[in-house]
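Inspection log for the structure reproduced underneath, given as structure tokens.
What follows is calculated from the coordinates using simple rules that are stated; it is not laboratory data. The structure presented is a predicted model; accordingly, all values stated were derived computationally and were not measured. Note that each Cβ is placed from the backbone with ideal geometry, even for glycine, and that neighbours are counted across all protein chains shown.
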Amino acid sequence: MVLAVRARNLRVGYVDEDENILWAVKGVSFEVNQGEVFCLVGESGCGKSTIGNTIIGILPPYAVTDGELHVFGKPVVRGNHRDYSGIRGRIVSYVPQNPGTSLNPYQTIGTQLYYVLNSVYGWDKKKSLEVAKKYLSLVELDPEETVDRYPHELSGGMQQRAAIAIALSTGAKIVVADEPTSALDAHLRLQLIKLLMKLKESESLTLVMITHDLVAAGKICDSVAVVYAGEILEKCSGSNVIVEPLHPYTQMLADAVPLLGFKRRLKSIPGEPPRPDEEVTGCVFAPRCHLAFEKCVEPPPHFKVYKGEVACWRYAGNAKQ
Amino acid sequence: MPLSLNYLTKRIVWIFLVIIGVVVFSYTAIIISPGDPAVKWAGNPRGPNASLAIELARKELGLDKPPLIQVLKFVADVFTGNIGLSIAYKIPVFEVILRRLVATLELLLISYLIAIPLGVFLGIESALHRNGKLDTFLQSLGTVLANTPTFWVGAWLFLTLILLGAYPYGRVDPKIATATGFHPITGFYLIDALVEGNLIVFVNILSKIISPAIAIAIYPIGVLVRLTRALVSDALLEDYIRASVAWGVSRSVIIWRYALKAITPGLVQVIGLAFSYSLVDAMAVEYVVFGREGLGSLLIDSLNYGDFRLAVGLIIIVAVFYLLVNTLTDIIQALIDPKVRL
Amino acid sequence: MSAVISDSRKSPNSSVKGLYQNLTRRYLRRTKFKIGLVITLVVLVLALVSPWVVPYPDEGAGYVPPEASQREKEPPSLRFFFGTDTRGRDLFSRVIMGVRSAVIQITTVISLSLLIGLLAGVLAAYFKGVVEIILNYLVELFISIPAVIIALVLRLALGPGLMTVIASLVTTWWSWYARITYVYARSVMEMDYVTLARLSGLSPLKIMTRHVMRNVLTPVLVQAVTDMGSVLLEASTINFLGLGLPLNSPEWGVIMLEGLSVLEIAPWISAYPGFFLLVTALGFSLVGDTLREEIDPRLRRRWRLWF
């Protein structure tokens, strides 16, 4: 069975005005199986969005890459060469973080769907409209109404649903959702996640979710990768990540989230993640880790533990590398 | 229509205020400058009827009344269309101006018909090949063009045509016009010729309008090549462009539909400004270099005859023209951008 | 595409309004700036020394020596580099001395416009009320009238001469700077410490002026440099139409006008001054453009068609 997404030592950086490269993603490897829900979890600025953008193929012009990324077996990133022909839309689709700015303000929803479907499948206006209406009702929007609306005439929640409709209409089997709920009001978040889960089942999708909410990730994801400062610190199954976090960072993330019904003291994580241009030697989390010890001045390899994978010297003894 | 009555009313009021401002300015200029204003207003007349003309001018200017009344009376006169007869032409000033305005307008429109598609297309190509050889060449060319004096280019084109044996003077060859019975109605000679079905005259008119049109087009082409490239480069980094690319929209659709539509409001605004600037360019080049009648010829005549009334008429028309162009660009922007409602 | 691969610290100058930092190193890297700077420097130098550099300075100034009638409209030669004009004067001298006229016109117009514009902007924001309304009206009024038309009115009222040219141009240009200044000054007025100063009896006008000037001066000056080319072109248009300086003046627009009547037999008379106009305006434009790009760091990012 071909893996939906496969990354080997993927590095992604950005070139600034003075031609220096700042690496946002510093060598990550992961695999996403078909049909699963895969989460990339981390704080803001840790590089998870960049990984997402690399899968989708919308890295900005001043980006550089290294390593490998395969989508359904096709090498999409190899070294600094990126080739997304046939991938965008058709195979991989995108649910944006901010639907307000991600929909074309000068066109109605219907027209936008037309251009997408026309580019991907070559359909004419009539057929595109039919398909468009089908997907709009799938996301629980009124098809007749929405088709003639401009984005700014829709509410935030409706905009996000419209974006999802467009994303799915391309028939892509992999959908990357970049913090799909962060632009929404709290009461809409659960609704949207439920919608995404339902669609994943009905359309047989592989879902890559990028989020900073560890608890949400744990609830809905099959596998989780915890990202910090451009590196993956831990990979494990969704259900385990909150209950039995492996890496100290994951543990601290879990401790920092309020859980309904539990009265306990919340602990925030001291310090800040390193800036992209800071030199890091050794374990990237060591400066903030309360469990750090002498070995942590060397960068830890990824240790396979029975529940997953973790990059922490604490597991050196009871694991195979 | 994305217009509101409120907007239109504000615009009309503003146009009135501008006309008043311009008239007061001209009036002040003639009153406070050294020399006898009545003489200037009368056009420095000589000969037997001179003193009569000067007395008449004195009354028209209201110089016998206190200053505030003078100004108000003058403004009122202007609004009733009563600046009097143009000294140069002996017919009412506004009649003269409106007739010639059409000629200059025709020239400007043809010029921009060339400049806009060319400038925008080259600008887009420049953006797509940004930092490449084509881009560097086009941008340098654009900068040079935007700084080229129109009357200089006009002179060169004129000279070239003369040396080639063509006769680039005027708007139409009078011999051909009379021979084919050409009777312009609207004043837009090209349209008049087509309406009459008069192809010979049409070709003649076209051949004469091309060179000054190209000369005038040089500046907007330069501006548009640079502007479009900047706008396109920015537009292509927008969130919705990235999302559309992620959803698989093809490159040509993104560039020629999405990006082009997105930059249109910005383009229209600058085109409006350039168009107003080109009015003056056109006036400078059409008569002095190409011998065409238009607002330019009025300018020169006003100068040569000391025709102050004509000058006041001109300044009013030009100011109103600027405002109308400005309003038009506002409307076009509102039509394109669904978020803008005037 | 040789990017330095390193995890280096970010250079401190990139994001700040670093117009004044690393002046020579950054600007001289750009060809655009080098060309513009060379042109501008040559122009300024010529403006200063032209009477002593040209072969026929009095002819350059307009004087027609008696023997000139023998050599009217001669094509360029070793003796007369650009040929002679309609009255037999050395065209080279006239055109080179025209640099001085151009520079005088530009600098006077720009400095007066800046002065009046900055003042008006600050006063309008400070005094508010009636003063604000009137000044706003004047700004909007004069921004929308071209200098050439004002030149016509002033020419008929005042007569020909340098004054007319300068007055017409200043009447239009001050409004641009007034607008920029006013917008900025208005936001400064809202600031807390201005209100505080006013309450404690200090003159907020001084504070406001100082603060406004400090922040608005840079972008306004950059704008002014870029405007120099346009001002030059407009000034020469005014002179070309005979609305400003009289015939025989050492001014490019005027010389071009003189050359028009003999365009077929002596094209060089109109050719050279126009060329100098182009190059000079271009020089100022290039310098102004580079300065503007330095203020906006976004423009310098690497860009490529990425899809």
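Taking the Cα-to-Cβ direction at residue A:19 and at residue C:49 and moving 7 Å from each Cα, how far apart do the two end points lie in nm?
So the label points at residue A:19 and residue C:49 sit 3.7 nm apart.
Treating the protein assembly as shown as a set of equal point scatterers at the Cα positions, no solvent, please give the Debye-formula log₁₀ I(q)/I(0) at q = 0.09 Å⁻¹.
Once normalised to I(0) and log-transformed, intensities are -1.09.
If you look at just the Cα atoms of segment C:58-112, how large are its Rg and its Dmax in Å?
When restricted to the Cα atoms of segment C:58-112, Rg and Dmax are 13.5, 44 Å.
Quick check: Cα centre of segment C:144-199 to Cα centre of segment B:325-342, how many Å?
28 Å
What is the Cα centroid distance between segment A:43-90 and segment B:242-265, reported in whole angstrom?
Rounded to whole Å, the Cα centres lie 20 Å apart.
Using +1 at the Cβ of each Lys and Arg and -1 at the Cβ of each Asp and Glu in segment B:230-342, identify which of B:241, B:230, B:275 lies farthest towards the dipole's positive end.
B:241
Output the peptides A:273-283, A:110-120 sorted from most to least packed, where packing is the average of other Cβ atoms within 10 Å over each peptide's residues.
In descending order of packing, they fall as A:110-120, A:273-283.
Helix-only estimate, please: 222 nm mean residue ellipticity of chain C, summing -39500 (n - 2.57) across DSSP H runs of length 4 or more and dividing by its residues, to the nearest 500.
Value at 222 nm, helices only, nearest 500: -23000 deg cm²/dmol.
List, in order, the whole-Hz ³J(HN,Hα) value for each residue of segment B:133-148 obtained from phi through the Karplus relation with A = 6.51, B = -1.76, C = 1.60 and θ = phi - 60°; use x for Gly and Pro.
Per-residue couplings from phi come out as 5, 4, 4, 4, 4, 5, 5, 5, 4, x, 4, 4, 4, 5, 10, 8 Hz.
Can you give the log10 of the normalised intensity I(q)/I(0) at q = 0.08, 0.09 Å⁻¹, computed with Debye over equal Cα scatterers of chain B?
-0.52, -0.64
So what is the relative contact order for chain A, in percent, with contacts set as C-alpha pairs under 8 Å and at least six apart?
Details: 623 pairs, mean separation 60.5, N = 321.
Computed value for chain A: 19 percent relative contact order.
Could you check the simple spin-label distance between residue C:261 and residue C:295, using points 7 Å along Cα→Cβ, in nm with one decimal?
If labels sit at residue C:261 and residue C:295, their model points lie 4.6 nm apart.
Can you work out the PRE-style zone for residue A:256? Point 7 Å along Cα to Cβ, and I want the residues of segment A:182-203 with backbone N under 18 Å.
A:182
Can you figure out the FRET efficiency of residue A:8 with residue C:215, using R₀ = 41 Å and their beta-carbon distance, to the nearest 0.05?
According to the calculation, E is roughly 0.20.
Determine the shielding of peptide A:85-95 by partner chains: average, over its residues, the number of Cβ atoms on other chains within 10 angstrom of each Cβ.
Per residue, the average neighbour count from other chains is 3.
Which whole-Hz couplings ³J(HN,Hα) result when phi for each residue of segment C:72-87 is put into the Karplus expression 6.51 cos²θ - 1.76 cosθ + 1.60, θ = phi - 60°, listed in order with x for Gly and Pro?
6, 6, 8, x, x, 8, 5, 6, 10, 3, 9, x, 10, 9, 5, 9
Percent antiparallel among DSSP beta bridges with both residues in the protein assembly as shown, to the nearest 5?
65 percent
Return, ordered by residue number, the residues of segment A:132-149 whose backbone nitrogen is under 18 Å from a label point located 7 Å along Cα→Cβ of residue A:201.
Within reach of a label on residue A:201, which here means backbone N under 18 Å from a point 7 Å along Cα→Cβ, segment A:132-149 contributes A:138-140.
With a bin width of 5 angstrom, please list the P(r) values of segment C:95-306 as percents of all Cα-Cα pairs, from the 0 bin to the one holding the largest distance.
1, 7, 13, 15, 15, 13, 11, 9, 7, 5, 3, 1, 0, 0, 0
Can you list residues whose amide H is under 5 Å from residue B:248's amide H, if they're 5+ apart or on another chain and H is modeled 1.01 Å from N?
Sorted by chain and number, the residues that satisfy this are A:89.
Segment C:21-118: Rg/Rh from Cα coordinates, Kirkwood Rh?
In segment C:21-118, Rg relative to Rh is 1.15.
When N counts the residues of segment A:181-321, how does its alpha-carbon radius of gyration compare numerically with 2.2 N^0.38 Å, as a ratio?
Normalised Rg, Cα atoms only: 1.15.
How many percent of the alpha carbon pairs in segment B:300-342 exceed a separation of 14 Å? Before the final figure, lay out each step's value.
Numbers: 557 of 903 pairs.
Of the Cα pairs, 62 percent sit more than 14 Å apart.
Express the relative contact order of chain C as a whole percentage, based on alpha carbon pairs under 8 Å and six or more residues apart in sequence.
23 percent.
Could you work out how far apart the two model spin labels at residue B:12 and residue A:293 are, taking each label as a point 7 Å from the Cα in the direction of the beta carbon, and quote it in nm?
The two pseudo-label positions are separated by 8.7 nm.
Using alpha carbons only, how many angstrom separate the centre of segment A:198-214 from the centre of segment B:142-201?
67 Å
Residues of segment B:247-288 with backbone nitrogen within less than 20 Å of a virtual label 7 Å along the Cα-to-Cβ line of residue A:74, please, listed as ranges.
Counting only backbone N, you get B:247-254.
Using the Cα gyration tensor of chain A, with a ≥ b ≥ c the square roots of its eigenvalues, what is the shape: rounded (a/c below 1.5), prolate (a/b larger than b/c) or oblate (neither)? Walk me through the intermediate numbers first.
Numbers: a/c = 1.98, a/b = 1.58, b/c = 1.25.
Judged from the Cα gyration tensor, chain A comes out prolate (a/c at least 1.5, a/b above b/c).
Per residue of B:228-240, how many C-beta atoms from partner chains lie within 10 Å of its own C-beta, taken as a mean?
Mean partner-chain Cβ count within 10 Å for B:228-240: 4.
Give me the percent relative contact order of chain B, please, defined on Cα pairs under 8 angstrom at least 6 residues apart.
Over chain B, the number comes to 28 percent.
Calculate the mean, over all residues of peptide B:149-160, of how many other protein chain Cβ atoms lie within 10 angstrom of the residue's Cβ.
6
So, R0 is 41 Å and r is the distance between the beta-carbons of residue B:320 and residue C:77; what FRET efficiency does that work out to, to 0.05?
0.20
Can you tell which of C:125, B:328, A:40 lies farthest toward the positive end of the dipole of the protein assembly as shown, using +1 and -1 charges on the Cβ of basic and acidic side chains (Lys, Arg; Asp, Glu)?
A:40
How would you classify segment C:117-199 from its alpha-carbon gyration tensor, with a ≥ b ≥ c the square roots of the eigenvalues: rounded for a/c under 1.5, else prolate if a/b is greater than b/c, otherwise oblate?
On the way: a/c = 3.35, a/b = 3.15, b/c = 1.06.
The shape class here is prolate.
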